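Engineer: Here's a structure for you.
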Amino acid sequence: MMQQGRKRELSAGLIAALIFVSACSGGGAADPQQAPPESGSKTETPAADPAPAPAEGGAGEVDPLGKYDPPIEISSVRIVNDTFRYAAGEDIENNVWTRSIKEKLGITVKYDWVVSGDGPGGQGEQKMNVSIASGDLPDVIPVNSRQLKQLVEADLLMDLSDVYETYASPFTKEIMTQDGPNALASATFDGKLMAIPNTGSAMDGAAMIWVREDWRKKLNLPEPKTFDDVAAIAEAFATRDPDGNGQNDTVGLSLFKDLYGGYAAIDGIANGFRAYPRKWIKDESGQLVFGSIQPEMREALLWLQDLFKRGLIDREFGVKDAGKAAELAASGKLGLQFGTMSNPLWPLVDNKRNEPEAEWQSYPIVSADGQPAMPGVGLAVGAYYAVLKEAKHPEALLKIINLFVETGWGESTTPEHYAAHFTSDGLEKHKYIPFQAWPARKNLDIHLHISEAMNSGDFSKLNPEETDNYGQIDAFLKGEPDSELGWGYYKVFGPDGSFKTIDKYVSENLLKHSEFFGAPTPTMADKDATLQKMELEIFTKIILGEPIELFDKFVADWKNLGGDAITKEVNEWYAGK
């Protein structure tokens with residue numbers, strides 16, 4: 001962590017990865033998205049907690065950050081990926097976090113195995129599946145929701161209800177519920193807390209509109225308030241030579257071949273029509289239904305088809321991944337896309353580097369019915385940490401999480417301690433600690449606090465991370481060389497940054513959460529990949545111009561090929577929740 005006004009030599013990709021919060025780079029095998037950088041920690045001389053209470057929690061007061069004396073050892077496993085980098089002479093078992101955990105808590109974490117390969121279906125998930133099948137499991141087991149359910153059904157896990165109540169610090173408990181009750185509920189079976197979730201932020205994934213603002217003002221276009229406005233802006237950007245080069249080479253609206261999630265996606269467009277693809281929502285009878293097959297999704301696809309027919313959407317989106325689609329923005333040929341709060345850090349910052357005069361502005365998604373649009377969000381849990389029944393020190397898991405959140409955002413944070421444990425030296429050091437939890441409001445609070453400080457001129461109340469982020473912004477506002485990354489921070493956290501849009505969603509209670517947050521149902525595990533592939537193929541064909549009746553056939557096929565069985569299972573889960 002650097003002091004205010006100084007710049008870190010970090011890549012835009014690294015910063016974007018840190019700013020994401022939907023799920024963290026913890027020890028589990030779970031979600032694609034990410035997590036942010038944070039603050040400092042407890043004093044360098046830790047308090048002593050001579051003897052831990054019994055595994056199921058004890059009657060006396062305990063110190064959530066108390067040190068074991070004598071020290072203890074617990075076992076776990078780790079899944080790492082190619083983004084893990086270490087200082088010279090260090091590795092996953094020897095780094096700043098292993099030292100802090102040992103020095104402050106008296107805990108050594110030993111890994112039964114460490115493998116490379118994150119993400120669904122990767123080597124890490126496969127290795128964990130083998131461990132579960134063989135019963136060769138460590139004390140603390142990082143798992144995804146499906147694996148957690150398997151372990152619960154096999155009766156291999158400890159009920160952590162009392163351990164959590166006794167050992168989770170007040171701050172950890174606050175973080176666990178900042179995004180609502182669903183994170184803990186997703187780890188609760190028959191009223192028993194069977195794992196601790198690695199929490200993230202649902203709000204950070206909410207869709208918004210990004211407009212090339214200097215083009216909008218140059219062409220005297222309205223701000224996007226309706227779908228008609230969005231179409232008019234896209235048409236002007238595609239046909240009125242906004243870059244002034246005399247050629248017909250600009251694109252109105254960008255999409256990418258996978259359609260959903262993050263940059264240049266259709267989620268925000270669908271949400272504006274009250275459609276929630278790949279999410280489970282309540283119908284008028286109170287039953288859960290799949291958003292991709294509802295009539296509102298048909299309307300969203302028709303709108304997209306119309307824009308494509310008019311030449312307002314990138315003609316080649318169907319063969320472009322997100323990286324290829326992003327090249328349009330970076331090269332100065334794109335005017336509008338539906339994305340998320342982090343897009344200034346990737347890929348829009350590359351456009352700013354190439355065209356210093358380029359400006360982008362975020363706006364809330366628009367509505368097709370005149371009522372405020374409600375962006376859909378999912379469950380922000382990156383992984384679960386379960387504890388084997390035979391483990392001697394289940395409370396050690398909570399103590400390590402307590403240390404992580406206190407080091408990141410606690411009242412005792414310091415810039416130096418933050419730097420040492422999170423993002424100094426161009427390293428994503430938060431990835432080294434095996435057990436984590438992230439505050440849902442962290443990034444929103446950075447925006448609110450920086451905006452207040454910029455308005456008042458008083459920066460003394462900013463925490464270490466906020467001070468660091470403002471340092472990036474300040475460098476940009478002062479026109480320092482190579483400060484485009486500060487522009488990215490400004491467009492995310494500044495007074496008119498993307499979190500102004502997130503703040504509107506939150507303060508007006510507009511976020512629409514998916515109602516299903518359980519492990520994949522049996523039919524879902526068996527059929528979902530096939531159904532999702534079919535959905536992607538059909539929706540792409542419709543956008544490209546095939547008859548809308550193809551949607552009706554898709555709905556019937558989805559139901560017949562496993563969708564009806566999945567719907568039944570999801571509603572059985574919901575009834576027993």
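Engineer: With respect to residue 215, is the statement that it is assigned to a strand (DSSP E or B) and among the aromatic types (Phe, Trp, Tyr) true?
Structural biologist: For residue 215, the condition - assigned to a strand (DSSP E or B) and among the aromatic types (Phe, Trp, Tyr) - is not met.
Engineer: Also: Restricting attention to region 452-470, which residues are part of a helix (DSSP H, G or I) and at pLDDT 95 or above?
Structural biologist: 452, 453, 454, 455, 456, 470 - these are the residues of region 452-470 that are part of a helix (DSSP H, G or I) and at pLDDT 95 or above.
Engineer: Additional query: Which of the residues spanning region 450-461 are in contact (Cβ under 8 Å) with a residue 40 or more places away in the chain and either hydroxyl-bearing (Ser, Thr, Tyr) or farther than 18 Å from residue 500 by Cα (or both)?
Structural biologist: Within region 450-461, 451, 459 qualify.
Engineer: Determine whether region 337-346 contains at least one residue that is surrounded by 21 or more Cβ atoms within 10 Å (Cβ to Cβ), outside any loop (DSSP other than H, G, I, E, B) and either more than 21 Å from the chain's Cα centre (by Cα) or on the phi > 0 side of the Ramachandran plot (or both).
Structural biologist: No: region 337-346 contains no residue that is surrounded by 21 or more Cβ atoms within 10 Å (Cβ to Cβ), outside any loop (DSSP other than H, G, I, E, B) and either more than 21 Å from the chain's Cα centre (by Cα) or on the phi > 0 side of the Ramachandran plot (or both).
Engineer: Here's a check for you: in region 232-259, which residue that is out of contact with any strand residue (DSSP E or B) (no Cβ under 7 Å at 6 or more places or on another chain) and among the aliphatic types (A, V, I, L, M) is nearest to residue 215 (Cα to Cα)?
Structural biologist: It comes out as 236.
Engineer: Right, residue 103: within 21 Å of residue 399 (Cβ to Cβ) and at pLDDT 95 or above or not?
Structural biologist: Spelling it out, residue 103 is indeed within 21 Å of residue 399 (Cβ to Cβ) and at pLDDT 95 or above.
Engineer: Filter region 409-451 down to the residues that are more than 20 Å from residue 197 (Cβ to Cβ) and aliphatic (A, V, I, L, M), then identify the one that is modelled with the lowest pLDDT.
Structural biologist: Ranking the qualifying residues of region 409-451, first place goes to 419.
Engineer: Same structure again: Under 8 Å by Cβ, and 6 or more places apart or on different chains, what pairs join a residue from region 105-117 that is under 15 Å from residue 95 (Cα atoms) and charged (D, E, K, R) with one that is open to solvent by 30 Å² or more (accessible area, probe 1.4 Å) and in a strand (DSSP E or B)?
Structural biologist: Listed by first residue and then by second, the contacts come to 110/73.
Engineer: Among the residues of region 480-497, are any out of contact with any helix residue (DSSP H, G or I) (no Cβ under 9 Å at 6 or more places or on another chain) and modelled with pLDDT of 95 or more?
Structural biologist: no
Engineer: So which residues in region 398-418 are farther than 14 Å from residue 170 by Cβ, open to solvent by 10 Å² or more (accessible area, probe 1.4 Å) and either of a type in the set (A, V, I, L, M, F, W, C) or in a helix (DSSP H, G or I) (or both)?
Structural biologist: Once the filter is applied, which keeps residues that are farther than 14 Å from residue 170 by Cβ, open to solvent by 10 Å² or more (accessible area, probe 1.4 Å) and either of a type in the set (A, V, I, L, M, F, W, C) or in a helix (DSSP H, G or I) (or both), region 398-418 yields 415, 416, 417.
The values are calculated or read from the model by the stated rules, or taken from the named source; none is laboratory data. Bear in mind that the values here come from a model prediction, so they are computed numbers and not experimental data. In this analysis, Cβ positions are derived from the backbone assuming ideal geometry, glycine residues included, and neighbour counts consider all displayed protein chains. Calculation scope for accessible area: heavy atoms of the full protein, side chains included, ligands and nucleic acids excluded. Shrake-Rupley method; radii C 1.70, N 1.55, O 1.52, S 1.80 Å.
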